[in-house]
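Just below is one structure, and these are the notes that go with it.
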Amino acid sequence: MDRMAGQGITTQDLRMAQESPLAGDLALLFQRHNADMHADTPPESIHMIPREALVSPAIIFCVARLSGLPVAMGAIKRLDDRHGELKSMHVLTEYRGRGLSRLMLHHLIAEAKAAGLQRLSLETGIQPTFIAARQLYQREGFAECGPFADYGPDPNSVFMTRTI
(Lines give C-alpha, C1' and ligand atoms only; values in the text may rest on other atoms or scores of the structure.)
Protein backbone atom coordinates (compact mmCIF):
# COMPACT_ATOMS: atom_id res chain seq x y z
CA MET A 1 0.00 0.00 0.00
CA ASP A 2 1.68 3.21 -1.18
CA ARG A 3 1.14 6.45 0.72
CA MET A 4 1.25 9.73 -1.16
CA ALA A 5 3.54 12.41 0.33
CA GLY A 6 2.78 11.31 3.89
CA GLN A 7 -0.78 12.65 3.73
CA GLY A 8 -2.58 9.44 4.72
CA ILE A 9 -3.88 8.85 1.20
CA THR A 10 -3.19 5.44 -0.27
CA THR A 11 -2.95 4.72 -3.95
CA GLN A 12 -5.69 2.16 -3.32
CA ASP A 13 -8.01 5.13 -2.70
CA LEU A 14 -6.96 6.82 -5.97
CA ARG A 15 -8.51 6.19 -9.39
CA MET A 16 -7.56 8.06 -12.55
CA ALA A 17 -9.49 7.51 -15.75
CA GLN A 18 -10.95 9.13 -18.83
CA GLU A 19 -14.36 10.62 -18.09
CA SER A 20 -16.82 13.06 -19.60
CA PRO A 21 -16.06 16.65 -18.60
CA LEU A 22 -19.83 17.14 -18.37
CA ALA A 23 -20.27 14.81 -15.38
CA GLY A 24 -22.32 16.62 -12.74
CA ASP A 25 -19.95 16.02 -9.86
CA LEU A 26 -17.11 17.87 -11.65
CA ALA A 27 -18.69 21.32 -11.23
CA LEU A 28 -16.48 22.27 -8.27
CA LEU A 29 -13.29 21.35 -10.17
CA PHE A 30 -14.30 23.55 -13.10
CA GLN A 31 -15.45 26.43 -10.85
CA ARG A 32 -12.14 26.42 -8.96
CA HIS A 33 -10.10 26.09 -12.15
CA ASN A 34 -11.94 29.03 -13.71
CA ALA A 35 -11.51 31.16 -10.56
CA ASP A 36 -7.78 30.34 -10.37
CA MET A 37 -7.22 31.23 -14.02
CA HIS A 38 -8.98 34.58 -13.60
CA ALA A 39 -7.38 35.42 -10.22
CA ASP A 40 -4.21 37.05 -11.54
CA THR A 41 -4.10 36.49 -15.30
CA PRO A 42 -5.32 39.14 -17.75
CA PRO A 43 -8.31 37.83 -19.76
CA GLU A 44 -6.42 37.99 -23.06
CA SER A 45 -3.80 35.60 -21.61
CA ILE A 46 -6.23 32.95 -20.35
CA HIS A 47 -6.11 29.98 -22.72
CA MET A 48 -8.31 27.41 -20.98
CA ILE A 49 -10.81 25.43 -23.00
CA PRO A 50 -14.45 25.86 -21.92
CA ARG A 51 -15.89 22.77 -20.24
CA GLU A 52 -18.32 21.97 -23.07
CA ALA A 53 -15.54 22.24 -25.67
CA LEU A 54 -13.56 19.54 -23.84
CA VAL A 55 -16.09 17.08 -25.29
CA SER A 56 -14.24 16.41 -28.53
CA PRO A 57 -12.63 13.46 -30.31
CA ALA A 58 -9.40 15.52 -30.29
CA ILE A 59 -9.36 15.69 -26.46
CA ILE A 60 -8.54 13.11 -23.80
CA PHE A 61 -10.09 14.29 -20.53
CA CYS A 62 -9.14 12.56 -17.26
CA VAL A 63 -10.27 12.83 -13.66
CA ALA A 64 -8.53 11.75 -10.46
CA ARG A 65 -10.86 10.51 -7.74
CA LEU A 66 -10.03 9.81 -4.11
CA SER A 67 -12.54 7.36 -2.68
CA GLY A 68 -14.90 8.43 -5.48
CA LEU A 69 -14.55 12.18 -4.92
CA PRO A 70 -13.23 14.13 -7.95
CA VAL A 71 -10.14 16.01 -6.75
CA ALA A 72 -8.11 16.65 -9.93
CA MET A 73 -8.48 16.85 -13.68
CA GLY A 74 -6.39 17.25 -16.79
CA ALA A 75 -6.66 16.97 -20.54
CA ILE A 76 -4.61 16.37 -23.65
CA LYS A 77 -5.61 18.13 -26.87
CA ARG A 78 -4.34 16.45 -30.04
CA LEU A 79 -2.64 19.04 -32.24
CA ASP A 80 -1.62 16.59 -34.99
CA ASP A 81 -0.77 12.90 -35.34
CA ARG A 82 2.29 13.13 -33.08
CA HIS A 83 1.90 16.32 -31.03
CA GLY A 84 -0.48 17.04 -28.16
CA GLU A 85 -1.06 19.89 -25.75
CA LEU A 86 -1.49 19.49 -22.00
CA LYS A 87 -4.64 21.40 -20.96
CA SER A 88 -6.79 22.06 -17.89
CA MET A 89 -4.57 20.54 -15.20
CA HIS A 90 -6.13 21.37 -11.83
CA VAL A 91 -6.05 19.90 -8.32
CA LEU A 92 -8.48 21.17 -5.69
CA THR A 93 -6.62 23.41 -3.24
CA GLU A 94 -7.38 21.26 -0.21
CA TYR A 95 -5.74 18.24 -1.91
CA ARG A 96 -2.55 19.96 -3.07
CA GLY A 97 0.81 18.97 -1.66
CA ARG A 98 0.02 15.26 -1.81
CA GLY A 99 1.61 14.43 -5.16
CA LEU A 100 -1.66 14.41 -7.12
CA SER A 101 -0.39 16.84 -9.77
CA ARG A 102 2.59 14.63 -10.49
CA LEU A 103 0.42 11.51 -10.61
CA MET A 104 -2.10 13.20 -12.91
CA LEU A 105 0.71 14.38 -15.17
CA HIS A 106 2.12 10.83 -15.35
CA HIS A 107 -1.35 9.51 -16.14
CA LEU A 108 -1.86 12.07 -18.91
CA ILE A 109 1.55 11.28 -20.41
CA ALA A 110 0.63 7.58 -20.43
CA GLU A 111 -2.71 8.39 -22.11
CA ALA A 112 -0.90 10.52 -24.71
CA LYS A 113 1.57 7.73 -25.46
CA ALA A 114 -1.27 5.22 -25.77
CA ALA A 115 -2.89 7.59 -28.29
CA GLY A 116 0.29 7.54 -30.36
CA LEU A 117 1.55 11.01 -29.46
CA GLN A 118 5.30 11.56 -29.32
CA ARG A 119 5.48 15.14 -28.04
CA LEU A 120 3.55 17.11 -25.43
CA SER A 121 3.61 20.88 -25.16
CA LEU A 122 1.89 23.25 -22.76
CA GLU A 123 1.23 26.88 -21.99
CA THR A 124 1.24 28.05 -18.40
CA GLY A 125 1.32 31.37 -16.62
CA ILE A 126 4.31 33.47 -15.69
CA GLN A 127 2.62 34.72 -12.48
CA PRO A 128 3.84 33.55 -9.03
CA THR A 129 0.73 31.37 -8.64
CA PHE A 130 2.10 29.16 -11.44
CA ILE A 131 5.59 28.63 -9.94
CA ALA A 132 4.75 25.18 -8.51
CA ALA A 133 3.28 24.06 -11.84
CA ARG A 134 6.32 25.25 -13.80
CA GLN A 135 8.63 23.48 -11.34
CA LEU A 136 6.64 20.25 -11.70
CA TYR A 137 6.83 20.43 -15.48
CA GLN A 138 10.59 21.09 -15.36
CA ARG A 139 11.15 18.14 -12.98
CA GLU A 140 9.18 15.95 -15.41
CA GLY A 141 11.37 16.85 -18.39
CA PHE A 142 9.52 19.77 -19.95
CA ALA A 143 11.76 22.57 -21.25
CA GLU A 144 10.84 26.09 -22.24
CA CYS A 145 10.15 26.62 -25.94
CA GLY A 146 8.57 29.20 -28.17
CA PRO A 147 4.86 29.50 -28.86
CA PHE A 148 3.34 26.51 -30.67
CA ALA A 149 0.08 25.71 -32.48
CA ASP A 150 -2.11 28.84 -32.57
CA TYR A 151 -0.29 30.65 -29.75
CA GLY A 152 1.62 33.85 -30.29
CA PRO A 153 4.12 35.55 -28.01
CA ASP A 154 2.51 36.53 -24.70
CA PRO A 155 4.36 38.23 -21.82
CA ASN A 156 2.08 36.36 -19.37
CA SER A 157 2.79 32.89 -20.80
CA VAL A 158 5.54 30.31 -20.57
CA PHE A 159 5.58 27.62 -23.25
CA MET A 160 7.14 24.22 -22.55
CA THR A 161 7.55 20.95 -24.44
CA ARG A 162 9.02 17.44 -24.18
CA THR A 163 9.15 14.23 -26.12
CA ILE A 164 7.30 11.29 -24.57
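Could you pull out the residue among ARG134, ARG139 that is loosely packed, with under 13 Cβ neighbours inside 10 Å, among the basic types (Lys, Arg) and over 12 Å from GLU85 (Cβ atoms)?
Working: ARG134 fails: loosely packed, with under 13 Cβ neighbours inside 10 Å.
That would be ARG139, the only listed residue that is loosely packed, with under 13 Cβ neighbours inside 10 Å, among the basic types (Lys, Arg) and over 12 Å from GLU85 (Cβ atoms).
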>> Being touching a helix residue (DSSP H, G or I) at 6+ places or on another chain (Cβ under 8 Å) and acidic (Asp, Glu) is the requirement here; does GLU144 meet it?
In response: no
>> Yes or no: the range 110-126 includes at least one residue that is acidic (Asp, Glu), modelled with pLDDT of 95 or more and over 17 Å from ALA75 (Cβ atoms).
In response: no
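Limited to the range 63-89, what total is found for residues that are farther than 19 Å from MET160 by Cβ and of a type in the set (A, V, I, L, M)?
Looking only at that region, the number is 7.
Residues ARG96, ARG78: which one is at pLDDT 95 or above and among the charged types (D, E, K, R)? Walk me through it before giving the result.
Details: ARG96 fails: at pLDDT 95 or above.
Going through ARG96, ARG78 in turn, just one is at pLDDT 95 or above and among the charged types (D, E, K, R): ARG78.
State the number of residues belonging to the range 11-26 that are in a helix (DSSP H, G or I), at pLDDT 90 or above and surrounded by 12 or more Cβ atoms within 10 Å (Cβ to Cβ).
Counting residues in the range 11-26 that are in a helix (DSSP H, G or I), at pLDDT 90 or above and surrounded by 12 or more Cβ atoms within 10 Å (Cβ to Cβ) gives 2.
Here is a yes/no grid of residues against (1) in contact with a strand residue (DSSP E or B) (Cβ under 9 Å, 6 or more places away or on another chain); (2) touching a residue at least 40 places away in the same chain (Cβ under 8 Å):
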| position | (1), (2) |
| --- | --- |
| ALA72 | yes, yes |
| ASP81 | no, no |
| GLY84 | yes, no |
| HIS90 | yes, yes |
| LEU100 | yes, yes |
| LEU105 | yes, no |
| LEU117 | yes, yes |
> Going through the range 128-164 one residue at a time, which ones are in contact with a Leu (Cβ under 8 Å, 6 or more places away or on another chain) and either assigned to a loop (DSSP other than H, G, I, E, B) or farther than 20 Å from ILE76 by Cβ (or both)?
Replying inline: GLU140, PHE142, PHE148, ALA149, ILE164
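The values are calculated or read from the model by the stated rules, or taken from the named source; none is laboratory data. No experiment lies behind these values; they were computed from the predicted model shown. No Cβ is skipped: glycine too gets one built from the backbone with ideal geometry, and neighbour counts run over all protein chains shown.
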